[in-house]
Amino acid sequence: MDSLNYYNGAFQTSLNGGTFPVVNPFDGAVVGSAVDSCPEDIQLAIDSTIAGFEVWKHHTAKERGRLLYRLYESVIEASDELAHIMTLEQGKPLKESRIEVHYAASFIKWYAEEATRISGDILEPNHHNQRIAVLKEPVGPVFIITPWNFPLAMITRKLAPALAAGCSVLVKPSEETPLTAFKFFEILHKVNFPPKVVNFITGNPKLIGETVMNSAGIRKVSFTGSTAVGQLLVVQSAKTMKKLSLELGGHAPLIVFEDADLSKAVQGTLDSKFRNCGQVCIATNRVYVQAGIFDDYVMALKKAVENLKSGSGFEDVDLGPIINQAGFDKIQNQVADALAKGATLDYGGSGSSEGQNHGYFFQPTILSQMKKEMRMMSEETFGPIVPITVFDTEEEAIALANDSPFGLASYFFTENLSRAYRVQGALAYGMVGVNTGKISSEQVPFGGVKLSGYGREGGTYGLEEYLQTKYVCTTL
Ligand code: ADP
């Protein structure tokens, strides 16, 4: 499958003909190509997006919602094909790809329904002949940058509220996974949004990023990716003062208290750690277990992990390959570093190449006796590794959990109601899962604090990110 850019209401090759290959991480096979955009292509896509806003903002919320609903139905109809392309270029098990497509579609449906509920305020004036109105308006043309770990859901979580609010969009997917995004744009094209409202571009991220960030007409950027790139976007946005939503790296702690339900704690660990082979920004990255339940927890987790199967995402597996060499090396180096510094290997521990050519696989791994100075305890791992530390008191667990510059997701397990309230209040994170490892859905405010970024995605909170407030004072 060969992906094309999409702007001015049509699919486009590059003016200089450039393309780059797209690779299946299971076996390294080239499965398609995408456009390597040149500066002129990027400018055309920006101009199209800016022009599209002038059209889209005049559509009524009902019209916007109706088109979004049609898009939702079309995505559901194409869900098998989308899931297939996703597994091909990203590697995740087909069952996970199917779940992602439906999760992605859920944002479109939610915002299709919410578009008509955007409303402002009428305030009481200070003078009898004065009227005060507060209007909610679309923020303008939006630049959307997405990562490879959720090639469709990260697009719809941004695009659907942007379109519902009345913004036009320019989407730049990850260069690892442009094909799912391209297929989605084929669907968007058929749904018949007015020309220039939705736009799509692939290529060198630095070049595209710089060019779009320099454009005064693009008023908002929504980004999911690394903290380093998020920080760069903050700097680049200063000149034109763009509004930003940044969903950046995480380093989620998971705490198991002695009064936890062990089966919930183990299931929560599996859910928050092994989905997408641990390549998830809200994946558990550190586990803290209270001394009295440590042996039982490790034994039960080992038993559960032994059942996980790795392999091609098109077979009946739980874990697919790691996305690329850099991702694989990072995991391997973090595990080696932990073992060199005295960690105990309880299960797994090695990487292998099970693909035909050079697919990157890492065994599900359990490490204990983890110490703060081990790299895995502060750096995001993005792999199927569970590093465990023992603690004694609740205060100690909270201090350990909060000892991170990141603040995205956190999890803890306890059956004690008072403790549940104390700990959820004390955790310095944007999201807290209590007795669960599954926290994502379309209506909730997904997002972080500290180096995990700012802004929220999902629900009414996510819609606010694409609206700006205008106050109107009228003297009669
Ligand atoms: P990861 O390491 O998980 O790939 P990145 O932050 O590098 O995370 O990538 C997330 C998204 O950001 C991708 O779409 C990528 O192409 C894009 N990106 C990377 N560098 C830049 C940049 N300098 N400007 C804008 N986007 C970028």
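What follows draws every value from the coordinates through simple rules; no lab data is involved. Keep in mind it's a predicted model, so treat the numbers as computed, not measured. Using ideal geometry, Cβ is built from the backbone for each residue, glycine included, and neighbour counts are taken over all protein chains shown.
The table below gives the values:
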item	result
Charge-dipole axis of the chain as Lys and Arg at +1 and Asp and Glu at -1 on Cβ define it, positive-most pick from Pro195, Val221, Val266	Pro195
Residue exposure sequence - Glu306, Glu176 - by fewest surrounding Cβ within 10 Å	Glu306, Glu176
Dipole in debye (nearest 20) - the chain, about Cα centre, beta carbon charges: Lys, Arg +1; Asp, Glu -1	1360
Residue exposure sequence - Ser452, Ser245 - by fewest surrounding Cβ within 10 Å	Ser245, Ser452
Interchain or long-range residues, amide H under 5 Å from Gly348's placed H	Ile366
Cβ-based charge dipole, the chain, positive-most Cα from Asn307, Val280, Val256	Val280
Cα convex hull volume per residue for the range 249-380 (Å³)	103
Convex hull projection area averaged over all views, the range 64-196, Cα basis, nm²	9.3
Total lysine pairs under 14 Å (Cα atoms) in the range 88-227, excluding pairs fewer than 8 apart on one chain	6
For the chain, fraction of C-alpha pairs farther apart than 34 Å, in %	36
The range 402-465: C-alpha gyration tensor shape, a/c 1.5 cut-off, then a/b vs b/c	oblate
Dipole moment magnitude, nearest 20 debye, the range 158-243 about Cα centre, only Lys, Arg, Asp, Glu C-beta charged	320
From phi via Karplus (6.51, -1.76, 1.60), per-residue ³J(HN,Hα) for the range 468-476 in Hz, x at Gly/Pro	10, 9, 10, 9, 10, 10, 10, 9, 7
From phi via Karplus (6.51, -1.76, 1.60), per-residue ³J(HN,Hα) for the range 98-103 in Hz, x at Gly/Pro	4, 4, 4, 4, 5, 4
Protection proxy ranking, peptides 251-260, 83-92, 394-403, average beta carbon neighbours within 10 Å, highest first	83-92, 251-260, 394-403
Relative contact order [Cα under 8 Å, 6+ residues apart], the chain, whole percent	19
Beta bridges per DSSP with both ends in the range 339-442, % antiparallel, nearest 5	40
Karplus-derived 3J(HN,Hα), 6.51/-1.76/1.60, for each residue of the range 131-141, Hz, glycine and proline x	10, 10, 10, 10, 9, 9, 10, x, 6, x, x
Cross-link reach list, lysines versus Lys303, counting only Cα pairs under 22 Å and skipping chain neighbours closer than eight places	Lys264, Lys273, Lys438
Between helix 262-273 and the chain: long-axis angle, C-alpha atoms, 0 to 90°, nearest 10	50
Charge dipole (the range 315-404, unit charges on Cβ, about Cα centre) - positive-most of Thr381, Ala336, Gln369	Ala336
Exposure proxy ranking, count of Cβ atoms within 10 Å, fewest first, for Arg66, Arg275	Arg66, Arg275
Calculated [θ] (222 nm, deg cm²/dmol) that DSSP helices of n ≥ 4 give over the chain, each run adding -39,500 (n - 2.57)	-12000 deg cm²/dmol
Distance between modelled label sites at Asn307 and Leu262, nm, 7 Å Cα→Cβ extension	1.6
Added length on full extension, which subtracts the Cα-Cα distance from 0.36 nm per residue, Ser378 to Tyr421	12.9 nm
Gain on full stretching of the segment that runs from Asp2 to Tyr471 - 0.36 nm per residue minus C-alpha separation	164.1 nm
Relative packing of peptides 409-422, 96-109, 203-216 - highest average C-beta neighbours within 10 Å first	96-109, 409-422, 203-216
Separation of the Val449 and Ile122 label points, Cα + 7 Å toward Cβ, nm	3.9
Average projection area in nm² (convex hull over Cα atoms of the range 131-207, one quarter of hull surface)	6.5
Whole-angstrom gap from the range 400-452 to the range 301-367, using each part's C-alpha centre	26
Inter-site label distance for Phe11 and Tyr461 at 7 Å from Cα along Cβ, in nm	3.8
Counting DSSP beta bridges with both ends in the chain, the antiparallel % (nearest 5)	45
Linear extension gain, Leu207 paired with Phe20, 0.36 nm per residue minus alpha-carbon span	65.8 nm
Neighbourhood charge, 14 Å Cβ-Cβ cut-off, centred on Val432 and excluding it, Lys, Arg +1 and Asp, Glu -1	+3
Long-range HN-HN contacts of Val449 with modeled amide H, under 5 Å	Gly407, Leu408, Gly430
